[in-house]
Every structure is written in structure tokens, then in C-alpha cells.
1. Between A:Lys118 and A:Glu17, what length comes free when the chain is fully extended (0.36 nm per residue of separation minus the Cα-Cα distance, one decimal in nm)?
2. Counting other beta carbons within 10 Å of each residue's own, what order do B:Lys300, B:Lys175 fall into, fewest first?
3. Compute a Gaussian network model of chain A, connecting alpha carbons closer than 10 Å, and tell me which residue from A:Phe37, A:Phe290, A:Phe307 fluctuates the most.
4. Can you compute the modelled spin-label distance between A:Met231 and B:Glu89, with each label point 7 Å from Cα toward Cβ, in nm?
5. Check B:Ala126: other-chain or 5+ apart residues with amide H under 5 Å from its amide H, H built from backbone geometry?
6. Calculate the spin-label point distance for A:Ile201 paired with B:Phe260, positioning each point 7 Å from the Cα along the beta-carbon direction, and give it in nanometres.
7. Once you put a point 7 Å from the Cα of A:Glu310 and another 7 Å from the Cα of B:Trp112, both along the Cβ direction, what distance in nm separates them?
8. Kindly list the residues of region A:112-136 that lie in the label zone of A:Glu167, defined by a backbone N under 17 Å from the point 7 Å along the Cα-to-C-beta vector.
Amino acid sequence: MENQLRQKAKELLEKGEAKVVIGYGWNKRKTRTTPVFITKPEDVEKLVFNPLCVNNLSLYLTRKFTDIKALGKPAIVAKGCDIKTITVLISESQIKREDVVILGMTCNGVVYKQELWKGELKPEIMPTKCHNCDVRNPQSPLPTLPPQVGEEKGGGRSLAADFVIGEKVNFTPPDTPAGMVFDKIRDLDKKSGEERWGFWIEHFNRCIKCYACRQICPLCYCDRCIAEKNMPQWIETSAHPRGNLAWNLKRAMDLAGRCTFCGECERACPVNIPLNLVNQKMALVVKDAFGHRAGYDEKVHPPMIVFNMEDEEDFIK
Amino acid sequence: MANKLLKKENLGKLIDTLSGEGSIFVAPRMDARQVVYAPVEKMDEIVFDYIIPINSFKEFLFPQTETVAAFSIHKEGVDLRGVEIEPKETVIFGSRPCDAASVASLRAVFNWDFKDEFYNRREDKAVVMTVACTKADESCFCTTVNLTPDSPNGSDILLKETNDNGYIVEALTDKGKKFVERFNNIFTPQPSAFSLQPIADVKHIVGADVKKIQEWLKDTKNYENPIWAELARKCIGCGACTFACPTCHCFDIVDEGSAFEGERIKNWDACQFEFFTLHTSGHNPRDTQYKRWRNRFMCKFNFYPNKFSSRGCVGCGRCIRVCPVRLDITEVMEEVSNQP
């Protein structure tokens, strides 16, 4: 699989079809993987792919990374779940599909955190997203769909990679979502409002305002985050309970209906705030209310950011 | 002062006595599935089997959020009030030698031109009881910055674990000596025979040379060297490394409240944030992330050792452990050491 990846990367760089390959490489001691940016064909040997490749590299496609943009057209090593995020970025006009080459990796799952890796991928060290994964096999070539109303020609749909790397994986997700996050949501839903409030206040109180959750999130791409607007100060920067609650609520609301549950924010959080729980709960609410699941179709805009004349609510008109 | 013995069963008594006197006892304990420095009230809250807490204990000397003044506006005029702090005695038990060494670094910056009363009063009331490391992980690199897993720098009291549930106690500073004398029923005479647990073996990273790094960084023509962009390209610009770092000390001043009354608050800030150096004009001298990362590295290995006699980096490895993209400072140290 790695040879196939390196071969393809080399080809793309040699032909000039991509100027940089954003992928995973080993750290010096070969204990952890880390993002690498390959610009020379002779460096493709650095690319690796294994269950430690947890990072969602689509972050580096966002406009925040001006020096990566300056390198030229990127090719990106992406798992199915990462392609979901790229799909949202396309639907929100952050990148154009043709401006990125997606190397879709077939995937058997990754670890929840790299430090859990002991040489074997067991279900108990995998995140909830992997237990319910329906995108282990990215598709290629782009499936052509019949034209929609108002469209001249049919288009490619998301979850489509330009190239698929790796053997087909056989995995069928369970009918009822399984895993720790869903178990906890079911537990929390049974509690009273007061108990839930207590639960969240306790977790948010640990927040240290390092904004790792925001910085690692590929969908937090605002040029200036509201947390940095101080005239007026909408979100207090202090790490006191009020400031922490304000920040965490704001982050959750901004991602409702957009978050693809990649889990990067929770992984990045140095104080272990259960952000996957926040995000998945929001995703379930949006799915119930709008029938929308983020990251499956680049032509459909997330419901919370779209204005629609057919909206059944009249307060908005 | 002769060394003493602290039996683990006496540690409980120490916590009870100190709590009774209104002091704060900080020790490694579990919080959200990881070991952190936090106040404890009972001995069974303490975690003894740990490498290093995820946070540093700087938050007990330099809190993340601290009110420094208050204001209110009336018809008669403006009322400004300073805040006087009266910190309680704070005992930091189970500090690691690297963390203890960071106290000198904080003290240096908070007393360099302006004497920061808030910091100084807290540090005056803090007693650092360090436990020498018997374990280390792959992120530890104290020996590379010329410290050791049992170095005494910065500790008031240094404890070394024995093989029979106790510690050999060495009081290093006047503060430490007074503390040990004050609890002479708890710190008992050192037995004639005892065996110490072996100290952790932290390998010096071959190829990382702090002297060489400093020389290279001092040379201004290396400031625009292309390696910075290459090494730090993956940095995402969060503040996890700076907030976890025991020597990072930058802060921001904000006013919170209404137009009529409010507080002036000092909050931790991070040079890794995009808006840290944004000018009012809109110009940002550190306009891309690698420049911000370069600043952090320069601060640790050039500005700090140039300006102060203390260290900018104590080798605790927290920035490596918390980094979501595994930007390993020791790899950059090696890379820079290898530059011609």
C-alpha cells in the first residue's frame, strides 16, 4: 500500500500534476506519525500509511496555511473520513474540487490517540467514528450522477478520490451506531437538564483556552475568529467558567451540521474535554431536524448556513 | 542540615496538618483520565506512579486568569482599585526536577525590569517539594538541556524514593529547611541503612547541542534560513505547547465587564497565536505560522539564555506530548545543531 502511495505521489510530482503531496511520515524515532509536505519526487520514500495516521490533513488545504498554498497545487493523502471534510470545504466554497488531487486511502481504522498504539489495531483503541465507518473504501473514478434540476451536466459526488490506494476493505457498519460516544449520548439524554448542565460545566471548566480544538479543525477556517474580536468582546478570553462556557458553546454551534465527526478537536484537547460528544450530539440533532449528514455531498450546503426560499419556517422570510 | 526520612504514611499527616492551617497542597492526581498538578485534600487522591503531569505547576505561581484591578464609573467620577493579593502557603509536592528548574526562569522574567508583585508574592509562599524521577518517557529530554532526573535546581526540598515506601529528604533552600524543621514529627531522622530506587535513565539526544544552537540562532543571517518554513510548516498555531510549558510566561491584559464597572484581568497568552503580534495598523510582523514557531524556539534557546542566567527550556517534553501534529522540538534542536 505504501509503495503504491509513493509511486503515485512520485508520478504526480514528476508530471507536475501536483506541486506538493500532503501526507504522513514518521517522526525521527519512528514511534509516531506526523504531517509531511513532499515537494521533491525523490522524497516520496518519506510517505507512510498505517493505523497511527490519525490526523485529518485536510486542515492544510484551508486558507489559513498561506505558505502551503504558495507551494502550488496540492495532492492530499486522505482517508474516507478526511474526504468527508474536504467535501464540506468544497460545498462551502473554500476549495475547488479540481484544485486538489485526492489520494483516497482504503482504511482499516486508526487509533484514537497515537500513544495508545502497542503494535496492534484492536477495536478498544479505535475511536467511535471507526466503529461506524461507512467510508472505508473511497471511490474512483468520480461517479457521474444524472443532472439535477438547473444543471446542464451531471457532476461528481463527494467521497470520490482521484486515485484509490490500497486493497478493498471489507467492513459493514452496524445498523445502530455503536461505540463509546453513542453510549454516552444515550446516558446523558436520560439525565435531567440540570444534571446535563452540571456535566458540561464540569468539563468546560477544565478548558485552558489554548484553542487547539479550533486550530486543528479543518472547518474552523475564519480569517478572524469571533473569540479574537474585542470591540466588543463577544467571547471573554479569560479561562474562567463564563469565558470557557461561552467559547465552547460558540464552537459547538458553529460546527452544528458542518462537523464530519473526524474527532480531531477531542484528540488535540490537552485537557480531555469530550468534544466528540458535543459534536456527535449536534450531528444527531441536525440529522433529526433536517435529514442532513455533513460530508456526503459537495452540492448540498449545510442547513445552518443556507438561506432557502422554500424554508417552511416563515420567521425567516 | 542532615537528610531526613519521609515515610508515605506520614505524608497523609502532612497534608492534614497543612490543610488545617489553611495551606494549599498541590500534588499529582488524576483528572479526566490523565495526571495533573492540582490541589488535593487527602493522601489517597495523590498519584505516585506517574512520569510527569500534563500541566506544569506554573499556574500556582502565575495563574492563567488573574484580576489585577477593578474600576467603576459614577456621577462623581471614576473609581480605580488595585488588587492586593495575600496568597496562601502553597506546597507543591511531587514536582519533577525539570519543573523545579523552571521557577528560576519565571522569577527572572517577572523581576527583570518591573517587579511583578503578583508573581513574587505567590512564589514567596510556595514550597517546591520535588521527587526525583525514577521513570521517563520518550519525550523527556532534560539531560539534553543539561539538567538531570535528580537535579536539585529550583527545588526547596528534594525527595528520592526508597525501596520501602518512603523518601530521603534533602532540604536545599532556607525555605525548605524551615519547612522540614517545622514538621519535625513528620520528617524523621534518616535511617543508617536504606536503599534508593534507581534514577531514570534519560538519554542525552546525540546531535542536539544547546551551545551550538544558541550560536547559530545568534547569527542574524540565519533568521531567514529556509529551514524554518520546512521544519515548522505543520504547526497549526494553537497554544497547547506554550500553555503546557513551564517557562512560557507571556500574558495579555483585558478589561471585562460593562462600560460602568469591570475588572482588569491578566490572562495567559501565546506567541503561537496569529493575533499575538498583530499591530493596530493591520501589519503583522509574524505573518505566517513558521515565524511564530521560530519565535518560540528563539525565545527558548537564544533570547532567554542571552538575557538571563536561567534556562528557557528545561526539557520536560510537554510541548512534544501535547502537540496535535507532533512537532517535536528535539528534532528541530538536532536539525539546527546540524546546520553548518
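1. Length gained between A:Lys118 and A:Glu17: 32.6 nm.
2. Details: B:Lys300 26, B:Lys175 16.
Result, fewest neighbours first: B:Lys175, B:Lys300.
3. Per the Cα network of chain A with a 10 Å cutoff, A:Phe307 tops the list.
4. For A:Met231 paired with B:Glu89, the spin-label model returns 5.0 nm.
5. The list, which skips near neighbours in sequence, is B:Thr90.
6. A separation of 2.6 nm, rounded to one decimal place.
7. 6.2
8. A:121, A:136
None of the figures in this text is laboratory data; all of them are computed from the coordinates on show. Only a predicted model underlies this, so the values are computations on that prediction, with no experimental measurement involved. Note that we place each Cβ from the backbone using ideal geometry, even for glycine, and neighbour counts take in every protein chain shown.
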